[in-house]
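Written below as structure tokens is the structure these notes are about.
The values are calculated or read from the model by the stated rules, or taken from the named source; none is laboratory data. Quick caveat: nothing in here was measured; it's all calculated off a predicted structure. Cβ placement follows ideal geometry from the backbone for every residue including glycine, while neighbour counts extend to all protein chains displayed.
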Amino acid sequence: MSGFLLRDAEIGGRERADVRVAGAAIADVGGGLERRPGERVIECGGGALISGLRDDHLHLHALAAWRRSVPCGPPSVTGRDALSAALRNAVPDESGWVRGVGYAESVAGDLDAAALDALRADLPVRVQHRSGALWVLNSAAVREAGLEPGGHPGIERDAGGRPTGRLWRADGWLRARLPAPRPMDLGPVGRELARFGVTAVTDATPDLADTAMGSIEEAVGDGALPQRVRLLGVPLGGRTRHPRVSTGPYKIVLADSGLPSLDDLIGRIRLAHGGGRPVAVHCVTREALLLLLAAFDDTGVLDGDRVEHGALIPGESVTDLARRGLRVVTQPGFIADRGDDYLRDVPAGDLPDLYRCRSLVEAGVPVALSSDAPYGPLDPWAVMDAAVHRAARSGAVVGRGEAVAARTALRSYLTAPRDAAGLVLLHVPLDEALRRLSAANVRATIADGRLFQAQPG
């Protein structure tokens, strides 16, 4: 097939025209375009044609692994009995392990090896906290993974020096001690993203191993991932090899479980900047953000430096971010997904600082909305809706003053106009789509020169 002719599409929310797409680019826009041999004609009926969406912070392999895992947290698992049933009925993988995901303390409190043993002890079980920062292993898994003699600083130990089963920010260390899994299939992830209208992504996983980078490049190369992919986890001095996979800013994690010294952070930023590479710094606490701003006072800011998450941004720091020219990549989808937990657990004085949007935009800080999937909701339209309405599952509003207009939310997700990354055709005109931000509005996505049909409107 040599391309597409989209007839009678709404362009820019105003005019209606025909659009010719050849390969991965818009070749022509005008009225009454004639079909060329081999072109597929799509009658748009006035539905809006917009640039593809870019999810600027997600985790591709974790998304694929999530599909193989047992849900252990809200909304599907909401109590100890439900968690017990989920783990008891779980079918182990080919290596005999059970992998759980999405756990939250509201389900059954703080987990450790003993607590997991009480739920299932006959085979190795590991459960990931919904933040992605913590794994909890039962006793069988602790033995299999060798936590007792392990030297990773993330291994939590009791007063006697024995592992508790809790393992902080040690994904790579743990993965090297697990049975080798079967190759990860990224095809379902790519198709799901395309159905939502996502044609470009930034994988925010830090410190990618060669095998992980190779897996993503292979998936892009064979079409399993039709999205353009940018990687934050490419090692300093490393490079990507596929033309549709690029190197992004260098990911630095400021873990809330143990912040680095200011000198250490300055050194890491200088090392990246010295190679001409900006940094993308994980900040989910006020302390982490203030540490980062202090580091930038010493290193200066390189074009492209960005703050990941910005989960808690004090009001007085908004102008600091703007003055430095920093970009914030944030996830208001967490408000929709966990807002009721925030209202219960976060001090009232901190609630206005959660996942700021409007104050950043008004201060001139570039803001990109994103999902952090699988740890946050993947659906970009749900994320945009959360940025507009700031509503938790119960309907309670979290940080009303940080709500943005629907057009602003959409703009923060769009790729550049006429970007070769792709196009999204909606069932409805743009104004109607903005009144109801929903994935149901997506009719089709063109990515990598291919058409992906979405659900009926």
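Using the structure shown, decide if Gly376 is at positive phi and not polar (S, T, N, Q).
No.
Regarding segment 278-288, can at least one residue be identified that is buried (at least 17 other Cβ atoms within 10 Å of the Cβ) and touching a Ser or Thr at 6+ places or on another chain (Cβ under 7 Å)?
Checking segment 278-288: not a single residue is buried (at least 17 other Cβ atoms within 10 Å of the Cβ) and touching a Ser or Thr at 6+ places or on another chain (Cβ under 7 Å).
Which is closer than 27 Å to Ala409 by Cα and at pLDDT 95 or above, of Leu111, Leu87, Leu5, Leu60?
That would be Leu60, the only listed residue that is closer than 27 Å to Ala409 by Cα and at pLDDT 95 or above.
Scan segment 355-366 and give yes if some residue there is in a loop (DSSP other than H, G, I, E, B), farther than 22 Å from Arg286 by Cα and outside the structural domain of Ala104 (by TED's automatic domain parsing), otherwise no.
No: zero hits.
Which condition number in (1) out of contact with any Asp or Glu (no Cβ under 7 Å at 6 or more places or on another chain); (2) surrounded by fewer than 18 Cβ atoms within 10 Å (Cβ to Cβ); (3) part of a helix (DSSP H, G or I); (4) in contact (Cβ under 8 Å) with a residue 60 or more places away in the chain is the one that Ser106 fails?
(1)
Residues of segment 398-420 being buried (at least 17 other Cβ atoms within 10 Å of the Cβ), at pLDDT 95 or above and either farther than 22 Å from Val307 by Cα or assigned by TED's automatic domain parsing to the domain that holds Val29 (or both), which ones?
Of everything in segment 398-420, just one residue is buried (at least 17 other Cβ atoms within 10 Å of the Cβ), at pLDDT 95 or above and either farther than 22 Å from Val307 by Cα or assigned by TED's automatic domain parsing to the domain that holds Val29 (or both), namely Ala406.
Look through Val142, Val189, Val201 and report the one residue that is crowded, with 20+ Cβ neighbours inside 10 Å and outside the structural domain of His282 (by TED's automatic domain parsing).
Criteria check complete, one pass: Val142.
Out of everything in segment 59-69 that is under 19 Å from Val91 (Cβ atoms) and surrounded by 19 or more Cβ atoms within 10 Å (Cβ to Cβ), what residue ends up being farthest from the chain's Cα centre (by Cα)?
Ser69
Can you report the number of residues in segment 1-15 which are over 30 Å from the mean Cα position of the chain (by Cα), assigned to a strand (DSSP E or B) and either buried (at least 17 other Cβ atoms within 10 Å of the Cβ) or not acidic (Asp, Glu) (or both)? So that I can check it myself, show each step before the final result.
Going through segment 1-15, the residues over 30 Å from the mean Cα position of the chain (by Cα) turn out to be 1-9, 14-15.
When the remaining residues are screened for being assigned to a strand (DSSP E or B), the result is 3-9, 15.
With either buried (at least 17 other Cβ atoms within 10 Å of the Cβ) or not acidic (Asp, Glu) (or both) added as a condition, the list becomes 3-7, 9.
Qualifying residue count, segment 1-15: 6.
Scan segment 157-170 residue by residue and report those that are on the phi < 0 side of the Ramachandran plot, out of contact with any Asp or Glu (no Cβ under 8 Å at 6 or more places or on another chain) and either touching a residue at least 24 places away in the same chain (Cβ under 8 Å) or assigned to a loop (DSSP other than H, G, I, E, B) (or both).
Matches in segment 157-170: Asp158, Ala159, Gly160, Ala170.
Kindly indicate whether any position in segment 174-186 is outside any loop (DSSP other than H, G, I, E, B) and closer than 24 Å to Arg120 by Cα.
Looking for residues that are outside any loop (DSSP other than H, G, I, E, B) and closer than 24 Å to Arg120 by Cα, one finds at least one in segment 174-186, hence yes.
Considering Gly79, Gly32, Gly38, Gly73, which residue is touching a helix residue (DSSP H, G or I) at 6+ places or on another chain (Cβ under 7 Å) and loosely packed, with under 13 Cβ neighbours inside 10 Å?
Gly79
Hey, Arg436 hits all of (1) over 28 Å from Arg67 (Cα atoms); (2) in contact (Cβ under 8 Å) with a residue 60 or more places away in the chain but one; which does it fall short on?
(2)
When you look at Val388, is it part of a helix (DSSP H, G or I) and surrounded by fewer than 21 Cβ atoms within 10 Å (Cβ to Cβ), yes or no?
Spelling it out, Val388 is indeed part of a helix (DSSP H, G or I) and surrounded by fewer than 21 Cβ atoms within 10 Å (Cβ to Cβ).
Looking only at segment 28-39, decide whether some residue is out of contact with any Ser or Thr (no Cβ under 8 Å at 6 or more places or on another chain), farther than 27 Å from Asp203 by Cα, aliphatic (A, V, I, L, M) and outside the structural domain of Val328 (by TED's automatic domain parsing).
yes
When the residues of segment 232-270 are narrowed to those that are of a type in the set (Ser, Thr, Tyr) and part of a loop (DSSP other than H, G, I, E, B), which ends up farthest from Glu287 (Cα to Cα)?
Thr240
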